[in-house]
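Before any comments, here is the structure.
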Amino acid sequence: MPDSTITKSPLPGLYIVATPIGNLGDISPRAAATLASADLIAAEDTRVTAKLLSHLGLRIAMTPYHDHSDEYIRQQLVARMADEVIVLVSDAGTPLISDPGYKLVRDARHAGRHITTLPGPCAAIAAITLSGLPSDRFLFAGFLPNKAKARADTIAEFKALRATLLFYESGPRLSAALAALADGLGNREAAVAREISKLYEECVTGTLLDLSARYADAPPKGEIVILVGPPDADQHEEGDDDSIDAALREALVDHPVAKAAKTVAKRFGLERQDIYARALAIKGEASNDAAIDIAPK
Ligand code: SAM
């Protein structure tokens, strides 16, 4: 059962507070109460957080915080957590998710401070709920690198994953990013979720190439999450004769010929009879080798 209690006087420590990603109505009562009870708010950009505080009718001391902030600033914050309520917020959404905070949490943990998190809006999680793509396994990959080679290398790392992939992106880079994803992963099903929880929220679905073409001449405005579906379960691995033989040899270690042939045929999308013949030949070669090995010298 959800616990609706709001602590009146929170314990000293670090409070990680998620804030709206567009609609200010998404601030939770507990997040608002925690902000109200803060001795200090460590904010990614104090001007952005000032607007949220003004919406809530609050005036609380703030300090800017980034993970590249001076070590000294971080140590000061960690020291203050011993007897004060320090709240960490980012400009929007959940701190630490493509946002500052990880080093502060790490150091607070090393110092044995009380740390708690107030869950709330996160663009990646909101996007996967909108997309209609499989949500049982997903990988959040943050922003892709800017440079083409680094971007292609990063995309290649995800190719074999049977999971929906999520990326944060900006309008001007969107079409090129979708094309690079199609290039590296194949033309998979995808979605572009934009301006979630705002007036012009939309989620457009299609293949990566369709979406890339759609946005090529008209880069969209606003904030964007790209989602890419997992590889098709029927998608086959490409393989030449050597890699097919290698796969058969491996399968024959643990399986009889028929089972090994079936598995490898499925993996490479080939006719089972053809692979069966090849599996028999490999098995035959292996038996001959064994016979030669044990032949009297
Ligand atoms: N910490 C945030 C979170 O929990 O989602 C993400 C911060 S990251 C610096 C900002 C990126 O998140 C944007 O460039 C965009 O890709 C995505 N984003 C943030 N708000 C969004 C929204 N309302 N709709 C779609 N994407 C959003």
Subset of the stretch 1-25 [surrounded by fewer than 18 Cβ atoms within 10 Å (Cβ to Cβ), closer than 22 Å to ILE125 by Cα and either in the same structural domain as ILE224 (by TED's automatic domain parsing) or at pLDDT 95 or above (or both)]: ASN23, LEU24, GLY25
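From the list ILE73, ILE60, ILE86, pick out the single residue that is buried (at least 20 other Cβ atoms within 10 Å of the Cβ) and more than 13 Å from THR19 (Cβ to Cβ).
Details: ILE73 fails: buried (at least 20 other Cβ atoms within 10 Å of the Cβ); ILE60 fails: buried (at least 20 other Cβ atoms within 10 Å of the Cβ).
Result of the check over ILE73, ILE60, ILE86: ILE86.
Could you identify the single residue in ARG80, ARG106 that is under 30 Å from the mean Cα position of the chain (by Cα) and either at positive phi or away from the ligand (no atom under 16 Å from the Cβ) (or both)?
Details: ARG80 fails: under 30 Å from the mean Cα position of the chain (by Cα).
The match here is ARG106.
Matching residues to (1) among the small types (Gly, Ala, Ser); (2) without any contact (Cβ under 8 Å) to a residue 24 or more places away in the chain; (3) closer than 30 Å to ASP232 by Cβ:
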residue: PRO64; (1), (2), (3): no, yes, no
residue: ASP91; (1), (2), (3): no, no, no
residue: LEU104; (1), (2), (3): no, no, no
residue: ASP107; (1), (2), (3): no, no, no
residue: ALA111; (1), (2), (3): yes, no, no
residue: ALA127; (1), (2), (3): yes, no, yes
residue: PHE140; (1), (2), (3): no, no, yes
residue: PHE143; (1), (2), (3): no, no, yes
Test: residue in the stretch 167-176 that is closer than 28 Å to VAL264 by Cβ, of a type in the set (Asp, Glu) and without any contact (Cβ under 8 Å) to a residue 60 or more places away in the chain: no
Whichever residue in the stretch 181-227 is within 20 Å of ALA124 (Cβ to Cβ) and of a type in the set (Asp, Glu) and, among such residues, is surrounded by the fewest Cβ atoms within 10 Å (Cβ to Cβ): GLU202
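For the condition within 7 Å of the ligand (Cβ to nearest atom) and of a type outside the set (Ser, Thr, Tyr), what is the one hit in GLY101, GLY112, GLY120, GLY93?
GLY93
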Check on LEU270, over 20 Å from THR154 (Cα atoms) and assigned to a helix (DSSP H, G or I): no
Search result, residues across the stretch 169-226 that are part of a loop (DSSP other than H, G, I, E, B), within 16 Å of the ligand (Cβ to nearest atom) and either under 19 Å from the mean Cα position of the chain (by Cα) or not aliphatic (A, V, I, L, M) (or both): GLU195, ILE196, SER197, LYS198, TYR200, GLU201, PRO219, PRO220, LYS221, GLY222
Qualifying residue in the stretch 152-167 (condition: on the phi > 0 side of the Ramachandran plot, within 12 Å of the ligand (Cβ to nearest atom) and at pLDDT 95 or above): no
Of all residues in the stretch 35-50 being closer than 22 Å to SER9 by Cβ and aliphatic (A, V, I, L, M), the one that is surrounded by the fewest Cβ atoms within 10 Å (Cβ to Cβ): ALA36
Output for the stretch 93-109, where each listed residue is crowded, with 21+ Cβ neighbours inside 10 Å and assigned to a loop (DSSP other than H, G, I, E, B): THR94, PRO95, PRO100, GLY101
Enumeration of residues in the stretch 247-272 that are over 24 Å from ASP232 (Cα atoms) and loosely packed, with under 13 Cβ neighbours inside 10 Å: VAL253, ASP254, PRO256, ALA258
For LEU53: the one exception among (1) without any contact (Cβ under 8 Å) to a residue 24 or more places away in the chain; (2) within 16 Å of the ligand (Cβ to nearest atom); (3) crowded, with 17+ Cβ neighbours inside 10 Å: (2)
Test set (1) within 21 Å of PRO219 (Cα to Cα); (2) within 16 Å of the ligand (Cβ to nearest atom) - LEU133 fails condition number: (1)
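The values are calculated or read from the model by the stated rules, or taken from the named source; none is laboratory data. In this text, all values refer to a predicted model and were calculated from it rather than measured experimentally. Neighbour counts run over all protein chains shown; Cβ positions are idealised from the backbone, glycine included.
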